[in-house]
Amino acid sequence: MKRSVLVVDDDRAILEVLEMRLAAMGFDVTAVSAPRHALEVAGDRRFDLALLDLRMEPMDGVELMEALHARQQRLPVLIMTAHGTIENAVEAVQRGAFDYLTKPFARDELQTKIGRALATRRWARDRERLLTVGQALASSGVMERVLDAVALATVEATEAERCVVFQLEHARLVPMASAGSPPASWAALEAAARTAMDKGVPIAVPPGDGAAEAGTIVAAPLVVQRGPAGALVIETPGRVEPNEDDLELLALFSSQAAIAVRNTHELERLRGGALAALGRMATQVAHEVKNPLAGLRLYARHLEQRLQNAQDAEGAELAEKVAATVDHLASVVAEITAFGRPPELRRAPTRVHALLEECLDLARARVDAASIEIVRAFDAACPEAPLDARQLRKAFLNLILNGLEALGGAGRLTVSTAYAAEAGAITVEIEDTGAGMGEETLSRAFDPFFTTKPEGTGLGMSIARSVVDLHGGALTVQSRVGAGTRVQVRLPVLR
């Protein structure tokens with residue numbers, strides 16, 4: 001695939017000479033004499049290099065370069081100048097040009113500087129993409145966060161309009177991460193993903209007839225061990241045709257995304273074994289503690305009654321505090337027991353909105369929410385679904401309590417639902433405007449017994465995720481310090 005070069009010079013004789021020389025060097029050349037026309041052309045397609053005359057009217061080469069960089073940030077520019085204006089050309093380099101060429105052109109100088117500009121551009125892209133991918137793979141191992149980072153890095157490195165990472169789940173392609181602008185057609189991206197998976201190599205799908213403004217879709221399969229587990233898909237800006245670098249770049253990112261998926265699956269398998277062992281140990285410990293706690297609670301209540309009968313108010317108050325502390329320990333033991341023994345689901349037709357309302361009422365009874373605004377955004381299309389209301393009540397209550405407590409007594413908690421009939425899923429989002437979490441805290445959000453609260457077991461998020469997992473769903477958390485936290489629960493609807 002030829003490299004594309006934009007040449008702009010108001011001297012038509014020089015323009016013709018450059019067009020012939022560059023074409024002979026194997027480039028796809030677009031030669032224009034007016035800066036305004038050059039901007040129109042640059043709005044319709046992407047270039048690998050631009051050669052701009054310094055002295056032009058009504059826009060000089062530096063102004064044109066800055067306008068082009070606003071459209072294509074990494075476009076290398078060579079400024080063409082006469083000997084008498086070399087100082088101006090040096091200033092142009094300081095303002096963002098790669099280098100300058102003096103007229104009349106020496107063939108070796110022209111070829112050498114063009115080669116250096118293209119090589120430097122590619123080296124910068126390679127360095128940047130390897131850095132971003134390395135940072136993504138060195139993150140916490142949470143698959144959603146790794147794939148988000150890969151999608152964002154892909155958009156930035158390829159200058160695509162959008163990127164979506166699809167993963168194969170139960171024979172269906174599910175979008176797991178995305179970056180850039182929302183796609184006009186999810187179906188087109190998914191179809192490209194399936195084609196790439198079927199062929200096992202990156203593929204490009206040009207825009208269809210009558211879709212001049214649409215971009216080309218490029219998809220690369222995510223191959224994990226036994227076969228494709230999804231695909232990495234980008235869509236270029238309108239009228240932009242991807243080149244060999246873009247295909248190579250997408251293949252690299254798809255391989256790294258596949259590594260992330262494989263590593264995360266392995267990490268989850270190891271973590272699952274460790275959690276199972278921890279659960280068995282926790283259950284045994286809880287069993288040993290449960291009976292003595294029941295006896296201690298009985299003794300504390302009995303002592304409290306005796307002191308009340310003896311009209312010892314101070315002693316009765318102390319006994320009441322002992323009994324309350326024992327009750328708290330009993331609730332902790334109950335949580336540990338629940339963590340150690342994952343429940344079996346008992347599905348029944350469940351109205352998700354009614355369940356959420358119940359959890360909101362229970363949470364407000366436990367947290368002072370007088371100064372907290374609670375917003376409901378329920379999708380009326382949500383159907384009854386075969387879910388275990390008892391188990392989901394625990395999960396949603398934990399998530400809502402976390403959100404209310406993060407607000408510190410003031411702020412907004414939004415609970416919303418959305419039903420996607422084509423995907424067969426209900427999505428519940430719980431979002432707060434609290435302080436948010438840093439990277440380290442977020443990476444450990446689902447770790448058993450990890451908590452930032454002065455009280456609590458640190459099992460709430462682990463239990464919530466296990467309940468959602470048992471339903472065949474997914475629980476994800478997004479948070480940023482100072483910007484609050486959003487928890488998303490996706491539940492498949494079994495019809």
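Annotations
- Computed lengthening from residue 480 to residue 102, 0.36 nm per intervening residue step minus Cα-Cα distance: 131.0 nm
- Residue (of 483, 418, 386) at the positive-pole extreme of region 343-495, dipole from beta-carbon charges: 386
- Compared with the alpha-carbon gap, the fully stretched path from residue 320 to residue 353 is longer by 8.1 nm at 0.36 nm per residue.
- Point-to-point label distance, residue 377-residue 12, nm (Cα→Cβ direction, 7 Å offset): 5.8
- For residue 229, the amide hydrogen comes within under 5 Å of the amide hydrogens of 222, 223, 224, counting only partners 5 or more places away or on other chains and with H modelled in the peptide plane.
- Relative contact order, whole percent, for region 4-129 stands at 20, derived from Cα pairs under 8 Å and 6 or more residues apart.
All of the numbers you see were taken from the coordinates with simple rules; none came from a lab. Values in this document were obtained by computation on a predicted structure and should not be read as measured data. Neighbour counts run over all protein chains shown; Cβ positions are idealised from the backbone, glycine included.
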